Amino acid sequence: MAEEKQNPVAIQERPQVSKGRLVRSWIWIWRALMSKDRILKDAAEFEKRLRDGEEKLATPAEDAQWAKETREGLAALSHKFEERLKK
Amino acid sequence: MEAWEVILSPAFKAKLAATRTEFENRLNQARSRRAVEEVLAQYEPFKTFALLALDLRDHKSPPSELLRYYETSENGNPLYLLISERWCGLFTADVSKHTCTGINVYDLSEIPLLKRLKGRIQSPFRRHFQ
């Protein structure tokens with residue numbers, strides 16, 4: 001206050017933040033916090049399920065067929081796109 | 001040096017399968033060439049991401065090159081992200097067992113923070129994967 005009395009120009013130079021901008025900033029911060037929570041929450045839930053024996057993980061060897069079929073499925077869909085674009 | 005085993009959780013695999021099916025349904029519903037091209041433009045990044053995850057699993061790419069450190073979980077395990085354009089995979093590593101587990105898959109367009117963080121996430125965290 002003392003500075004403002006001494007130098008009235010200082011008051012005018014303060015950046016004016018509109019209500020809209022303030023609200024948008026808060027929304028972005030809230031969404032950011034929620035998103036961060038979502039990743040950490042998923043990780044925590046996964047670790048808990050793993051600890052409790054509820055999460056059954058297949059070994060890479062058991063998953064080999066699934067991986068092969070998934071690769072083939074992706075390639076097949078790409079081929080389907082190509083076919084549609086040829087028409 | 002022992003290779004890292006990469007395991008994908010049922011949720012991770014289910015999300016890959018569901019997303020692929022979703023793209024197939026959208027392709028079947030597309031009535032014009034332009035609509036097909038639009039779906040294809042969204043499918044290609046997903047396919048790239050899915051192949052990267054499969055390459056990790058199949059030891060075709062080392063985790064140290066693809067995964068980026070993100071955060072530490074409540075239990076103190078390091079969490080890593082596999083990011084490819086708008087797709088992101090969440091992984092955790094067990095250093096003692098030399099295993100890396102894929103937990104879930106996210107569409108970055110649904111997670112604004114990750115979109116912003118994309119450029120800020122630390123470079124590959126090699127020290128855990130050596």
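The values are calculated or read from the model by the stated rules, or taken from the named source; none is laboratory data. Model, not experiment: these values are computed from the prediction. We place every Cβ from the backbone using ideal geometry, glycine too, and count neighbours over all the protein chains shown. Just so you know, the surface numbers come from the protein's heavy atoms only, side chains and all, with ligands and any DNA or RNA stripped out. Shrake-Rupley method; radii C 1.70, N 1.55, O 1.52, S 1.80 Å.
The figures follow:
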| quantity | calculated |
| --- | --- |
| First in segment B:64-88 and basic (Lys, Arg), second anywhere and at pLDDT 85 or above, Cβ under 7 Å, 6 or more apart | B:Arg68/B:Tyr80; B:Arg68/B:Leu81; B:Arg68/B:Ile83; B:Arg86/B:Pro45; B:Arg86/B:Asp107 |
| Answer residue from segment B:1-10, given it is open to solvent by 40 Å² or more (accessible area, probe 1.4 Å) and at the interface with chain A (Cβ under 9 Å from one of its Cβ atoms) and is farthest from A:Glu45 (Cα to Cα) among those | B:Glu5 |
| Pair list, Cβ < 6 Å and 6+ apart or interchain, from segment A:34-57 residues that are outside any helix (DSSP H, G or I) to residues that are at pLDDT 90 or above and open to solvent by less than 50 Å² (accessible area, probe 1.4 Å) | A:Leu57/B:Ile7 |
| Subset of segment B:75-130 that is open to solvent by 50 Å² or more (accessible area, probe 1.4 Å) and hydroxyl-bearing (Ser, Thr, Tyr) - its residue that is modelled with the lowest pLDDT | B:Ser123 |
| Pick from segment A:59-74, criterion exposed (fewer than 14 other Cβ atoms within 10 Å of the Cβ) and farther than 18 Å from B:Ala18 by Cβ, ranking: modelled with the highest pLDDT | A:Lys68 |
| Residue list for segment A:27-53, restricted to those being closer than 18 Å to B:Asp107 by Cβ, at pLDDT 90 or above and of a type outside the set (Gly, Ala, Ser) | A:Asp42 |
| Residue in segment B:29-44 that is touching a Pro at 6+ places or on another chain (Cβ under 7 Å) and surrounded by 14 or more Cβ atoms within 10 Å (Cβ to Cβ) present | no |
| Those residues of segment B:2-18 which are within 13 Å of the chain's Cα centre (by Cα) and part of a loop (DSSP other than H, G, I, E, B), in sequence order | B:Ser9 |
| Out of A:Lys5, A:Lys80, A:Lys19, sole residue that is modelled with pLDDT of 70 or more and loosely packed, with under 14 Cβ neighbours inside 10 Å | A:Lys19 |
